[in-house]
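The values are calculated or read from the model by the stated rules, or taken from the named source; none is laboratory data. Computed from a predicted model, the values in this text were never measured in an experiment. So basically every Cβ, Gly included, is an ideal-geometry build from the backbone, and we count neighbours across all protein chains shown. We work out accessible area using only protein heavy atoms, side chains counted, and drop any ligands, DNA or RNA first. Shrake-Rupley method; radii C 1.70, N 1.55, O 1.52, S 1.80 Å.
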Amino acid sequence: MTDLEGIAGTCGVVDKILVRRMLGKLVHRGPDSEGIYSDDRLALGARASKGRTREKVRAVAETDGLAIAADCYIFNGDVLKENFLEDSDEDATDADLLLSMYRAAGTSMFSYLDGAYAIAVSDHGRLVLARDRYGLKPLYISRKPAWLSFSSEMKSQLVSCEEFVPFPPGRVMVDGKRPFATRLRRIPRVRPRESDSKPSHLHDLVLASVRSCRTGPRMNVLLSGGIDSSVVAEAAAEVAGKVTTVCVGTDESEDLKMARGVANRLGTEHIEKVYGTEEMVDSLRDVIYAAESFDHPLIRSCIPNFMATHAFPDRRDVTLCGEGGDEIFAGYDYMRKIRTDAELARERRRLLRDGWITGFQRVDRMTASASLDGRMPLMSAAVIDFGLSLRRQELIGPRVQDSKLMLRKAFEHDLPKEVVWRRKQRFSDGAGSIRSLVAVADKMVSDKEFEKGRKALPRGRIRTKEELLYYRIFAELFPCDSAAIAVGITPRP
């Protein structure tokens, strides 16, 4: 099983020293091991963590002129191993699987992968780069006519001193040529038995997705007390021997109370952390450096997420969260105004397509900052496809708190009633961080400074004093136009 990794490399110019410096910025993504493979055309490197189940780990897997560095987790790993591994070796790693898949299918292999991945392949000196269709795993690239470099994060890509851009999700690039799209192909497999009702079928799909994330007897869950994370926690409690949950918030946070109720119901080892305004301000620099963004809605939610991920006592356990539930199951209040099934499906697909530069980025960066293997079980193809097939009446009920109706019904007998029917809140709302941050920004940024700063940047890029405060810190940490351009903007409908 491949655990959290950071990858980096150069092609056209073999620069192992540069690759090693880039990997030095990614120690948090793989604190246990580093490896570099090179030939006469490229250098490919990775850092890796060994997780709970292994004493040793290969950062870069190689055999017979092929080498692979991968930051990934795979939902359909079992069926892929049945189809692509010659020996039914239970100890085969994801790297072993990827090597076998590439030998058998070449670049077509990426069409069969259901999961989150950023993968670099050296095929006898030919470089292949690929990223999963929703961009759950990060990848950046710098390109010149005869040279390119790539790595997992902005901070590592800055080391190459070249302009860079995000590698596009759902694309494969061979030897620096124009990236091409991949579509997920289905391999026949034993699917969960079609249940008597849609809610029970969804329950089975979520359970199977969480089970596919398991790498050992224990799991961590980021538990906010909302329906999405509570559903994931309940499924984890069913498939893992021990579950540790963490919830953070301010004194007035509703999340703490709700999460406590879920943890008591499920019998998890529960950790709470209460923080105040001073601690939020003190953490800003670390949070922005880890998040690689100044988008103010994103940073608001990153602050409690950062504190939560760093509160887990054991980084070796896979860490799950409920991200993706709002996008798949129509959890945002503005969606109530969408009246037709087709329009609602289009909007949910758009949110899933755009999440890689906003909310999904938070999940990756915050867990990685704590050297945690963060995973999003609601983003498996089976759960997404089922969710997107649902009609409006199956997702949105008559009451405001009846968003994500099918997901709530699927787990209504497993969780406290007040959690099942809790109204959707933005993470930073529930954690209690918004009002404090706005007040801090108003004190630290004058009206004159805000107007000057807003005019100095592209129109619409800086929307509030809070965002300008974050941008100032970001610009110090990432003094590069490419970095600022790569930052996404979270719309506030």
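Taking all protein chains as present, what is the carbon and sulfur share of the accessible area of the range 297-342, in % to the nearest whole number, probe 1.4 Å?
The nonpolar share, carbon plus sulfur, comes to 49 percent.
Which trypsin sites (Lys or Arg not before Pro) from the range 92-201 combine a DSSP loop assignment with at most 10 other Cβ atoms within 10 Å?
Passing sites in the range 92-201 are 177, 183, 193.
Ranked highest first by the average count of other Cβ atoms within 10 Å around their residues, in what order do 469-477, 410-418, 354-362 fall? Working shown, then result.
Values: 469-477: 19.4, 410-418: 16.8, 354-362: 22.3.
Ranked by mean Cβ neighbours within 10 Å, highest first: 354-362, 469-477, 410-418.
For the pairs 155/424; 198/273; 25/273, note any where the Cα-Cα span goes beyond 31 Å.
Beyond 31 Å: 155/424; 198/273.
Tell me the label-point distance for the pair residue 402, residue 448, using the 7 Å Cα-to-Cβ offset, in nm and rounded to one decimal.
Simple spin-label model gives 5.5 nm for this pair.
Under a cut-off of 22 Å between alpha-carbon atoms, report the lysines in cross-link reach of residue 465, not counting same-chain residues fewer than 8 places apart.
Partners within reach: 443, 448, 452, 455.
How much length is gained if the chain between residue 251 and residue 418 is pulled fully straight, taking 0.36 nm per residue apart and subtracting their Cα-Cα distance, in nm to one decimal?
Numbers: separation 167, 0.36 × 167 = 60.12 nm, distance 1.98 nm.
Gain on extension, residue 251 to residue 418, equals 58.1 nm.
At 37 °C and 0.692 mPa s, what whole-number value in µm²/s does Stokes-Einstein give for the translational diffusion of the range 379-482, with Rh from the Kirkwood sum over Cα pairs?
186 µm²/s
Quick check: at a probe of 1.4 Å, how many percent of the accessible area of the range 193-255 sits on carbon and sulfur atoms?
Working: 930 of 2080 Å².
Ligands and nucleic acids excluded, carbon and sulfur give 45 percent.
Which parts of the range 135-153 would a label at residue 40 reach, counting a residue when its backbone N lies under 20 Å from a point 7 Å out along Cα-to-Cβ?
Backbone N within reach: 146-148.
What order do you get for 215-221, 343-349 when each peptide is scored by the mean count of other beta carbon atoms within 10 Å, highest first?
The densest-packed peptide leads the list: 215-221, 343-349.
Taking Rh as the Kirkwood radius, which is the inverse of the mean 1/r over Cα pairs, what is the Rg/Rh value for the chain?
Ratio of gyration radius to Kirkwood radius: 0.95.
Order the peptides 246-258, 380-392 from the highest to the lowest mean number of other Cβ atoms within 10 Å of their residues.
Taking the mean over residues of other Cβ atoms within 10 Å, the ranking is 246-258, 380-392.
Using only Cα positions of the range 205-344, each an equal point scatterer, no hydration layer, compute I(q)/I(0) via Debye at q = 0.17 Å⁻¹ and quote the log10 values to two decimals.
-1.00
Find the accessible area per residue for the range 221-335; the probe is 1.4 Å, ligands and nucleic acids are left out, and the unit is Å².
Accessible surface, normalised per residue, equals 31 Å².
Express the carbon and sulfur contribution to the solvent-accessible surface of the range 80-165 as a percent, rounded to the nearest whole number, probe 1.4 angstrom.
Here it works out to 42 percent.
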